[in-house]
Amino acid sequence: MYIVILGAGTVGYRMSSWFTTAGVEVTVVEKDLIRSQRIQDDFGSVVVQGDGTDVNVLDKAGVGRADLFLATLGRDEHNLVACQIAKHKFLVNKTVALVNEPDNNEFFSTLGVDITVNVTDLIVGDIETKTAGFLVEEI
């Protein structure tokens with residue numbers, strides 16, 4: 001299996017680590033030089049530095065042979081554009097995008113992103129689970 005991950009922030013870095021540990025071939029696309037270097041230092045030559053919404057950068061990362069494309073940037077519009085390029089230009093079978101603004105979730109799905117992970121819903125759900133006990137009255 002071959003996965004391209006867009007973004008080497010907290011989520012992208014941890015996903016890179018998890019997939020690499022599982023023996024999956026991973027390439028990370030990261031615009032920021034310092035984050036690119038951190039991936040390089042920690043995982044070897046698995047990083048392509050550049051803008052993940054640039055077709056040439058994605059081509060250099062080997063998106064055309066990817067089984068999965070995962071967009072983990074902090075801006076929904078960048079994640080959506082990158083997934084659209086991966087899906088329609090490079091014919092990637094499965095695309096996954098973080099969705100930071102809950103109202104965009106349906107929009108991503110409508111435009112063909114296979115899997116969306118709504119960050120706000122995950123955070124709210126976690127807080128609700130961890131604080132639900134405070135709502136129970138003691139008898």
Please state which of the following conditions Ala71 fails to meet, knowing it meets all the rest: (1) surrounded by 19 or more Cβ atoms within 10 Å (Cβ to Cβ); (2) over 20 Å from Leu122 (Cβ atoms); (3) among the small types (Gly, Ala, Ser).
-> (2)
Scanning segment 104-115 for residues that are of a type in the set (A, V, I, L, M, F, W, C) and in a loop (DSSP other than H, G, I, E, B), which turns out modelled with the highest pLDDT?
-> Val113
Check whether at least one residue in segment 53-71 is modelled with pLDDT of 95 or more, part of a helix (DSSP H, G or I) and of a type in the set (Gly, Ala, Ser), and report yes or no.
-> yes
Identify the residue in segment 72-103 that is in contact with a Ser or Thr (Cβ under 9 Å, 6 or more places away or on another chain), modelled with pLDDT of 95 or more and polar (S, T, N, Q) and, among all such residues, is nearest to Ala8 (Cα to Cα).
-> Thr72
Could you please tell me which pairs satisfy a Cβ distance under 7 Å, a separation of 6+ or placement on different chains, a first residue in segment 46-60 that is under 15 Å from Ser36 (Cβ atoms), and a second residue that is of a type in the set (Asp, Glu)?
-> Val47/Glu30; Gln49/Glu30; Val57/Asp51
Any residue in segment 81-93 that is touching a residue at least 40 places away in the same chain (Cβ under 8 Å), part of a helix (DSSP H, G or I) and within 22 Å of Tyr2 (Cβ to Cβ)?
-> yes
Residue, surrounded by the most Cβ atoms within 10 Å (Cβ to Cβ), within segment 12-27, restricted to residues that are under 17 Å from Gly74 (Cα atoms) and in contact (Cβ under 8 Å) with a residue 24 or more places away in the chain = Ser16
Return the residue satisfying two criteria in turn: it lies in segment 35-52 and is assigned to a helix (DSSP H, G or I) and over 16 Å from the mean Cα position of the chain (by Cα), and of such residues it is surrounded by the fewest Cβ atoms within 10 Å (Cβ to Cβ).
-> Asp41
Out of the residues in segment 54-76 that are under 13 Å from the mean Cα position of the chain (by Cα) and not aromatic (Phe, Trp, Tyr), which is farthest from Gly112 (Cα to Cα)?
-> Gly74
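The values are calculated or read from the model by the stated rules, or taken from the named source; none is laboratory data. Because the structure is a prediction, the values reported are computed rather than measured. A quick note on method: Cβ atoms are made from the backbone with ideal geometry, for glycine too, and the neighbour counts reach across all protein chains shown.
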